[in-house]
Structure formats: C-alpha cells, structure tokens
Amino acid sequence: MNLIGQPVDRIDGLLKVTGDARYAAEFPEARLAHAVLVTSTIASGTIASIDASRAQALPGVLLVMTWQNAPRLPNGGKSALAPPAGRRLSLLQDNEVHYSNEPVAVVVADTLEHATDAARQLRIVYQASAATLDFAQAKPNAHAPDKPQGRQTDTQRGSFEDGMQSGAVHIDATYTTPIEHHNPMEPHATMAHWDGPQLTLYDSTQGVSNAAQAVAKVFGIPASDVRVISPFIGGGFGCKGSSWSHVSLCAMAARQTGRPVRLALERPQMFGPVGARPRTEQHFVIAARHDGTLTAMRHDSISNTSMIEDWTETCCMVTRMLYAVPNQVTTHRLVQLNLGTPTFMRAPGETTGSFALESAMDELAAALKMDPLALRLKNYAESDPQENKPWSGKSLRECYQIGAEKFGWSRRPHAPRSIRNGNTLIGMGMATATYPANRSEASAIARILPDGTAMVASGTQDLGTGTYTVMTQVAADALGFSPENIHFALGDSTWPRAPGSGGSQSAASVSPAVYEAASEARRQLIALALADQASPVHGLPPEDVTVDNGWVVSRSQPGRRDPAAAIIARSGGKPIEATSTVKPGDEKQKYSLHSFGAVFVEVHVDAELGTIRVPRVVAVYDVGRVLNEKTAHSQMMGGIVWGIGAALQEESTLDTRFGRFTNANLAEYHVPVNADIDTLDITFLDRPDPYINSLGVRGIGEIGITGVPAAIANAVYHATGVRVRDLPITLDKVMRA
Ligand code: MOS
C-alpha cells in the first residue's frame, strides 16, 4: 500500500475554496421556482383558519400550499418506514400543531423575494392548547422507549444492591446537558424536479439511497423512480441523516406547480423541524472499594423527545461497556415535550453519556484521593463486560500512557485549586473517548477507461470530511494507478448502493468495497495483457506482473511494460468494469468492536471572573487504520473543537412560554471560533483492526467529540474546586458555587 494513510490533500479542496463545488441549492435549472417554508407560531394546538388571499394575489406567486389544499398522501403522509429511518413528518395533511416552528405552509413564487414576501402575507389563526415545555414538570410522565436505535432500553448485570454493599465509597450525582441544534454551515436545502413519474432531488443529505427510499415511501412510488443527487454537503453532523419534512414538501410543491422547485431552510428553521440533541438528565450512583475497584454502578438517563415520535439519546451505551464493573443497572426514559423530534447529533449518546460517566469517575477519584487515570486503569475492561465478548482490538491503555506522557500528567497535583499563576487558576483533567465501530453492506464500481484513466464510484456521500479523497487513495492502491488518473464519484443514488453516512460507518463500509471492485478491475487488466500476444508482457507468469502508475509491468524485467490504454485498445476498446458488494461478516457476533481514545485537557480559569480558556488538549486515539493522516487529523480537530463548544458554550435556550428557541441564529447560538481554540495535539496509534474489514478501518466520524466535555469539566474542577454538573460550564456556574 502506497497511498492509503498518506496525508494527501483533499482532491475537492480547490473546487471548494474557489466556489466551484455545487451544493444542493446551487444547481441551475430552467423555470426554477422558489419555495419558502412557513412554520407554526404556537407550540400546541390546531390551525383554526388560513387566509391566503393576499399572499396569492401578490406578483409571481405560483402556489400557497397549506393543509387545506395540499395533495393527500398515501397513509396520511406517515412513512411506511419505522422511525428513525422514516421520520414522522409534517406534510400538511391535517391542521394539528405539535411544536413551534413546525412546517404549516409552503409558498412558491417565481423569485425567492416574491415567495418571501407572500409568505409574510399569509394570515394563519391558531387555536392554541396547553403545551408541555418544562422538562422538570413533564418528568413524572417519563416512559421507556422501545429498543432505542435497536439497542436494549435497560440493562442489568450482577446484583446492584450487593455491589453497593461491598463498596466503601459512594458517589450519587446528577448530570444535565442542554438541547443543542446542529448548525452546519450549509443549512438543509432541496431542489425537486419531476419528469413524468420520475422525481429528481438535489438534496443536502447524509444518505442518497436512504433519502430516495424515504421520499418514495411518502409518495407511494417505487424507489427506482426517485433519484437523489448530493455531490457536496456543507456539513451534516446527524441532522442530514434523515429526510425531514421540507424534502417531501419541496417535491409536493414541484408536482403541484409543474415546475422545478428549490426550498432552502433559513437559519432559524434549523431550530425545530430538522432534529436536535435532546436535553438529558443523567443520574449516576457508583460504589467502589478503597483501592478503587468498582463494585456497583447505576446510570439512569432521561432525555426529551417530541409528541409525535420517540427518539432516544442513548446515554448509557458507554456506561455499559467502558469499565469492568460487575454489578450494573442502566435505564433510558423519555419525556415528551412540544418540541421538534430530536435526532442523531455527532456521537449521539456517547457525547452526553461520556460527559456524565467520566465526570462521575472523576468525582469518585477525588473521593478516593486516587489519581483519575489510575482509577480508570484499575477498572480497565479487558473484554466487553456487558456483551461478554473479546474486543476486536483495544489499545486504550496505550492511548492513556502516550497521552499522559505528552501532556505531563504526572506533574498534576492531586488537590484541586493548587496551581495558580497570578489571577489564573490552572487545572488538569482527563477523560476517555469511545465510539462503536459500525459497518453496513456497501457496493462500488470500478471502470478502467479506454484513455487509460479509471472511474470509480459508490452511492456514498462526502459530508465535507474527505470521502472523495480517501476513496481515491484506496482505489489508487488497489488499481495501481496514480490518483490524478482516477475520477471517484459519489453522492448519487444511481451509483451502487452504500449506507447513509451516519454512525461513523462510511469509511469502514465503503473502503473495502472500493478496494475490491478496483482490485478486480486490475486483475482483469492484467489478464487481458498477459493473454494478448501483442503485449510486451505477454506470457509472463501472473505473479511476476504488477500495475504501476497505470502500466502493467514485469517485476523481474521492468523493461517489459504495457500501458492500460494500449491494452484496452488492442482488445476492442471497451472499458474494463468490475463491481463489488462487501457485507459485514460475523465479526459483531464474535467480537465487540469499538474505537477508543484518551483526552487530556488543561484549563485556565480567571479566579475573579470565572472565565474559562482551554490552552491545550492532548488526545490519543485507537481508531484502526487511518486512511489519510491529514483528513483524519482534521476530523479529530473538528470533533475536539465541538467538544470544547459543548463543554463551555453550546446551548439552545428555550422560551417555555412559547416553545421557541430564543437564540436561533449564529450570533447567539455560541460555538467556538478560532480565538477560543489553542493547541490541539492529536495522535493516532494507526493500528489496523484485524476483524472489522479487510482494510482494518473503523471510522472516525464521531469519536473526536466524546470525552472532551468531561475532560474539561474535570479540569475546571481541578482548577477551581468547583464541580459543574450542568453543561455548558459558563462562568456564572463557576462563580455561583
Ligand atoms: Mo452521525 S450523529 O450518526 O451523523
């Protein structure tokens, strides 16, 4: 392998910085009409009346679509797919309102300005009913979700009561995390175009095949009649892993107007109808012996969902697998609120769950007067304690060790509030990062073309993370071609099917399919050359030949070589083509597959103002084989930066009178900027996982954010002596304590 792993520049980098990369809302289309989404202003109730006369009379207006005139969809617009694959959508099929900012109308006009103007002239009268918006009040009605994301709702191992009794030191603490909203630079956008029964969607989506399937189900048409195109995505983070209401509404509007229609969400519309990270309240009870051995652990997690669908933040997943605690109980419960349905948001459950677990472990270490890292090593799980399976590969001990060394952990005094430099309180904290290694069936096609270049494709997506680049590297190594001579295509549901880019699974699923399809095309190229009497390599034994930079070459006599273009020309000029489908094997039955990491953080807290800065993060990861050192490094930087934001800044503030988020814009929804970020020291062990797939790739989409919020909370405690259990850790919480 030559290119796999190399820090190759993004092959789409130039297109992006020059603005030549086309995003969903940027495709030109003749007769394009523009749609504006109108959303509810109440959190619960019904639409009593709609006066569209003024809006309809405005210039350029083509359609005002409301529940009164929207086409009736099969099954009342309820997808035949179970959530979360088929979300419960708001498709104007009735007059009910379940949350504020829920889609209630679509206005279409010849220009965006006309549509925007008309949308403002729509008069909707609501009949409001009492909304449930207060998490604490709704909590007594919490219910158990049914198999959240296919996992067990509750688990129990050993005897929690016995474990509590054999423990000498106990921790009992509740951790809370706020509602957060995904805010990729590119908001959701769709353009829909009907050609007879065929629907083409340009959509910003994390799954072109899933989107085609979901929209087909909504309309009751074959999935083969829907083509979804998504060559570039300006960030997804989970919110674009589902096809929300606007996608089907856009297609409905296009069908009603008989024109292609574009519908792009406005930034405030990102705060409601397209998912969120829900609020969580996580109660931890832990018992341990004086030497740090865990004897019992209980984790009860409550998160909010909507009134229309159960979606669970699976906070307990990390707790179930991370430590060798013999007696454990974990539970998930849901509180229904009049809010939009929450969804996957980068490392859903692992981000919030690892904050609570790794904060609680730090509290236990403090109570035991034990080094927090030593406590983790004391309870290191040599195999998966919940599933009773060996790990496919776990080098967490090494991550801890390398990280501690690079960070200078041994210089950390045990007592909090013991390092001070003038007005600055300095703290050192650490936590564990982890995320499961997922993988699904994926297909790819490879073609060697008559001009001697290759075209390789898969119906996968590039969220901006580097799929184009890493798959080109994989194809180049498999083919023996230089990457400049490979065109890798993705983001189109007509390519061989690949899974949605969620659950950090794209690299692990797609790279083996690309490798196999490209390897098969290379085998065919070699076979053609060896069988061809006119070829300089004719008759050589197969083990003597290789493909180098697009030439079939003899290893023993390098002078005997034949370029791909000549081989194809002599054999009739037809492209060589191979497809491959790679499925998961039985590795998940035999092994527990997870990635791991260790995060060390230094914080500086102003002793008088309580302001917190993070001058240094040291993180070491065991994520299997790294496909591209540079894009992987960027991916982890993004994750860590988001972890810093989650720890210190990010929060959607809810007005519980009206059910609206008061900071639904990028001025008041705080995320880190460059000035908030200092040194991020990132190391990969780069150790191929022997069981996940042929390339040993586990995927790195989500692990980067995990562990970071807890490491920061633990460092803030170490700096100040103040334990903040409620994210984000803002200065008032540090000062108030
Ligand atoms: Mo990820 S939150 O599964 O896009």
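We did not get these values from a lab; they are worked out from the coordinates using the rules stated. All of these numbers come straight from a predicted model, not from anything done at the bench. Quick reminder, even Gly has a Cβ in these numbers, built from the backbone with ideal geometry, and neighbours come from all protein chains shown.
Just to be sure I understand the rule: take each whole DSSP H helix in the chain, project its Cα atoms onto its long axis, keep it if the span is 15 Å or more and its mean Kyte-Doolittle hydropathy is at least -1.0. Which ones pass? Walk me through the numbers on the way to the answer.
On the way: long enough: 208-219 (17 Å, 0.91); 245-257 (18 Å, 0.33); 350-368 (26 Å, 0.41); 396-407 (16 Å, -0.43); 467-479 (17 Å, 0.70); 506-531 (37 Å, 0.57); 629-648 (28 Å, 0.40); 708-720 (18 Å, 0.89).
Counting only whole DSSP H runs, the qualifying helices are 208-219, 245-257, 350-368, 396-407, 467-479, 506-531, 629-648, 708-720.
Around Gln461, under 11 Å between beta carbons, what's the net of Lys plus Arg minus Asp minus Glu among the other residues? If you can, show how the numbers build up before the last one.
Values: positive: Lys240; negative: Asp203, Asp462, Asp492.
That works out to -2.
Rounded to whole Å, give me the distance from the Cα center of region 135-178 to that of region 390-421.
That distance is 28 Å.
Pairs Lys217/Lys240; Lys240/Lys394; Lys16/Lys630: which are spaced more than 22 Å apart, C-alpha to C-alpha?
Numbers: Lys217/Lys240 18 Å; Lys240/Lys394 31 Å; Lys16/Lys630 17 Å.
Beyond 22 Å: Lys240/Lys394.
Search the structure for amide H atoms under 5 Å from the amide H of Thr611, placed 1.01 Å from N in the peptide plane, and list their residues when 5 or more places away or on another chain.
For Thr611, whose amide H was placed from the backbone, the distant partners under 5 Å are Asp606.
Measuring from centroid to centroid over Cα atoms, what is the spacing of region 660-737 and region 24-103 in Å?
Centre-to-centre distance over Cα atoms comes out at 37 Å.
Cα extents of region 440-583 along the three principal axes, largest first, in whole Å?
49, 28, 26
Have a look at Gly701, Thr683, Thr720 and report the one farthest towards the positive end of the charge dipole of region 634-737, computed about the Cα centre with Cβ charges (Lys/Arg +1, Asp/Glu -1).
Thr720
So if R0 is 35 Å, what FRET efficiency would Gln198 and Thr116 give, r being the distance between their Cβ atoms, rounded to the nearest 0.05?
0.75
Per the Kirkwood treatment, what hydrodynamic radius in Å, one decimal, follows for region 261-340 from the mean inverse distance over all distinct Cα pairs?
On the way: mean 1/r = 0.0664 Å⁻¹.
Evaluated over region 261-340, this radius sits at 15.1 Å.
According to the square roots a ≥ b ≥ c of the eigenvalues of the Cα gyration tensor, what is the shape class of region 581-692, taking rounded for a/c under 1.5, prolate for a/b larger than b/c otherwise, and oblate for the remainder?
Numbers: a/c = 2.70, a/b = 1.59, b/c = 1.70.
Oblate shape, in that a/c is at least 1.5 and b/c is the bigger or equal ratio.
What is region 383-513 by shape, rounded, prolate or oblate, if you read a ≥ b ≥ c off the alpha carbon gyration tensor as root eigenvalues and call it rounded for a/c under 1.5, prolate for a/b larger than b/c, and oblate otherwise?
Prolate is the answer for region 383-513, as a/c is 1.5 or above and a/b outweighs b/c.
Given that compact globular proteins tend to follow 2.2 N^0.38 Å, what is the ratio of the alpha-carbon Rg of region 320-391 to that value? Walk me through the numbers before you get to the answer.
Numbers: Rg = 15.3 Å, N = 72, 2.2 N^0.38 = 11.2 Å.
Dividing the Cα radius of gyration by 2.2 N^0.38 Å gives 1.37.
Before rounding to the nearest 500, sum -39500 (n - 2.57) across all DSSP H runs of length at least 4 in the chain and divide by the residue total; then give [θ] at 222 nm in deg cm²/dmol.
On the way: 18 runs with 189 residues, N = 737.
Result for the chain, helices only: -7500 deg cm²/dmol.
Over the chain, what relative contact order in percent results from Cα pairs under 8 Å that are six or more residues apart? Display every interim value, and only then the final one.
Numbers: 1932 pairs, mean separation 118.0, N = 737.
So the answer I get is 16 percent.
What FRET efficiency do you get for His143 and Thr41 if R0 is 25 Å and r is their Cβ-Cβ distance, rounded to the nearest 0.05?
Values: r = 29 Å, r/R0 = 1.15.
FRET efficiency, His143 to Thr41: 0.30.
Pull up the cross-link candidates among the lysines for Lys389, meaning alpha carbon to alpha carbon under 23 Å and not fewer than 8 places away within one chain.
Lys147, Lys378, Lys583, Lys588, Lys590
Which loop-located GluC sites (Glu not before Pro) does region 421-518 contain, where loop means any DSSP state but H, G, I, E or B and the Cβ has at most 16 other Cβ atoms within 10 Å?
Values: sites: Glu441, Glu484, Glu516; in loops: Glu441.
Passing sites in region 421-518 are Glu441.
At each listed q (0.19 Å⁻¹), what is the log10 of I(q)/I(0) that the Debye formula gives for region 647-737 modelled as equal alpha-carbon point scatterers?
-1.05
Using the Karplus equation 6.51 cos²θ - 1.76 cosθ + 1.60 (θ = phi - 60°), what ³J(HN,Hα) coupling, rounded to whole Hz, does each residue of region 321-337 give in order, writing x for Gly and Pro?
Each residue's phi maps through the Karplus curve to give 10, 7, 10, 7, 9, x, 10, 8, 10, 9, 9, 10, 10, 10, 10, 8, 10 Hz.
Net charge near Thr662: determine it from the other residues with C-beta under 9 Å of the C-beta of Thr662, scoring Lys and Arg +1 and Asp and Glu -1. Don't skip to the answer; put the middle values down first.
On the way: positive: Arg660; negative: Asp655, Glu668.
Overall, the nearby charge balance is -1.
Show the residues, 5+ positions off or on another chain, whose built amide H is closer than 5 Å to the amide H of Lys389.
Those qualifying (amide H under 5 Å, at least 5 residues apart or on another chain) are Asp384.
Any idea what the dipole of the chain comes to, in debye rounded to 20, about its Cα centre with Lys/Arg Cβ at +1 and Asp/Glu Cβ at -1? Let's see the in-between values first.
Details: 65 positive and 73 negative charges, 94 e Å.
Value, rounded to 20: 440 debye.
Taking the square root of 5 times each eigenvalue of the Cα gyration tensor, what semi-axes in Å does the equivalent ellipsoid of region 254-302 have, largest first?
Numbers: eigenvalues 542, 21, 16 Å².
Listed largest to smallest, the semi-axes of region 254-302 are 52, 10, 9 Å.
Given the Cα-Cα distance of Thr656 and Ala136 and 0.36 nm per residue of separation, how much length would full extension add, in nm?
On the way: separation 520, 0.36 × 520 = 187.20 nm, distance 1.15 nm.
Full-extension gain reported as 186.0 nm.
Could you check the simple spin-label distance between Lys389 and Lys369, using points 7 Å along Cα→Cβ, in nm with one decimal?
4.3 nm
Which of the listed residues, Gly464, Gly503, Val545, is farthest toward the dipole's positive end in region 440-583, when Lys, Arg count +1 and Asp, Glu count -1 at the beta-carbon?
Result: Val545.
I want to make sure I understand the PRE zone here: with the label point 7 angstrom from the Cα of Ser482 toward its beta carbon, which residues in region 526-561 have backbone N atoms less than 13 Å away?
Flagged as within label range: 548-551.
So, R0 is 60 Å and r is the distance between the beta-carbons of Met637 and Arg570; what FRET efficiency does that work out to, to 0.05?
Values: r = 49 Å, r/R0 = 0.82.
Once rounded, the FRET efficiency stands at 0.75.
Could you state the per residue volume, in Å³, of the convex hull enclosing the Cα atoms of the chain?
Numbers: hull volume 122.2 nm³, N = 737.
Per-residue hull volume (Cα only) is 166 Å³.
At 0.36 nm per residue, and after removing the present C-alpha to C-alpha distance, how many nm does the segment from Asn549 to Gln524 gain when stretched out fully? Spell out each step's value before the answer.
On the way: separation 25, 0.36 × 25 = 9.00 nm, distance 1.61 nm.
Difference between extended and current length: 7.4 nm.
With label points built 7 Å along Cα→Cβ from the Cα atoms of Ser129 and Asp94, find their separation and express it in nm.
Taking the simple label geometry, Ser129 and Asp94 are separated by 1.0 nm.
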